[in-house]
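Novice: A single structure is presented below for examination.
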Amino acid sequence: MSEDGRINYLEFAVADLARSKAFFSAVFNWTFTDYGPEYTAFQNAGIEGGFYPSDKHVRSEEGAALIVFFSKDLERTRAAIEQAGGQICKPVFAFPGGRRFHFIEPGGNEMAVWSDQVAQEEA
C-alpha cells in the first residue's frame, strides 16, 4: 500500500538488464516484470522498483545513496553474491551493531549487506 511521504519505488541504471535480473533473482529471490526491452520492474525486494539500461553506476564514494540489504547469514550471502557474478569491493568489516560488506552487482552498482550477527572469532 502506498503511503503519503514514504519511499515507494526505486529505479536503478544497469549496464545489462538480463545479467542484473539473473543476479538478483538468484541471490535475493526477486521477481521481475518486463515492460519492453528497456525496462524491467522488480518485486519481492522489500520495496518495488525497476532497472533501465545505462552506462552510469551508483558508487557510495561518489556520494550516491547506498542500498543495504540485511542478512541473517553474512557469509552465505557473500558466497551467493560471488557465485552469481557479483564482486566484493569492500570485504566484511565490523561496525557498532554488526558487520557488513559492499559488492558490485553485474549491472555495475555498488550495494552492501549487513548482519547483526557477530563472527565466531569476535564472539
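The values are calculated or read from the model by the stated rules, or taken from the named source; none is laboratory data. Model, not experiment: these values are computed from the prediction. Quick reminder, even Gly has a Cβ in these numbers, built from the backbone with ideal geometry, and neighbours come from all protein chains shown.
Novice: Could you tell me which numbered condition GLU82 fails, if it satisfies all but one of (1) touching a residue at least 60 places away in the same chain (Cβ under 8 Å); (2) farther than 23 Å from TYR9 by Cα; (3) assigned to a helix (DSSP H, G or I)?
Specialist: (1)
Novice: Now, a different point. Conditions first: (1) surrounded by 18 or more Cβ atoms within 10 Å (Cβ to Cβ); (2) in contact with an Asp or Glu (Cβ under 7 Å, 6 or more places away or on another chain); (3) β-branched (Val, Ile, Thr); (4) at pLDDT 95 or above. THR77 passes all but one, so which condition is the exception?
Specialist: THR77 satisfies all of (1) surrounded by 18 or more Cβ atoms within 10 Å (Cβ to Cβ); (2) in contact with an Asp or Glu (Cβ under 7 Å, 6 or more places away or on another chain); (3) β-branched (Val, Ile, Thr); (4) at pLDDT 95 or above except (2).
Novice: Between a residue in the range 22-37 that is farther than 22 Å from PHE70 by Cβ and any residue that is among the polar types (S, T, N, Q) and surrounded by 15 or more Cβ atoms within 10 Å (Cβ to Cβ), which pairs come within a Cβ distance under 9 Å, given they are 6 or more apart or on different chains?
Specialist: If the second residue must be among the polar types (S, T, N, Q) and surrounded by 15 or more Cβ atoms within 10 Å (Cβ to Cβ), the pairs left are THR33/THR40; ASP34/THR40.
Novice: Any chance you could count how many residues in the range 19-42 are exposed (fewer than 14 other Cβ atoms within 10 Å of the Cβ) and more than 21 Å from ALA79 (Cα to Cα)?
Specialist: 6
Novice: Here's another thing I want to ask about it. Look at the range 21-62 and say how many of its residues are within 13 Å of GLY107 (Cα to Cα) and in a loop (DSSP other than H, G, I, E, B).
Specialist: Qualifying residue count for the region: 6.
Novice: Is it fair to say SER60 is over 29 Å from GLY36 (Cβ atoms), of a type in the set (S, T, N, Q) and in contact with a Ser or Thr (Cβ under 6 Å, 6 or more places away or on another chain)?
Specialist: Judged against the criteria, SER60 is not a match.
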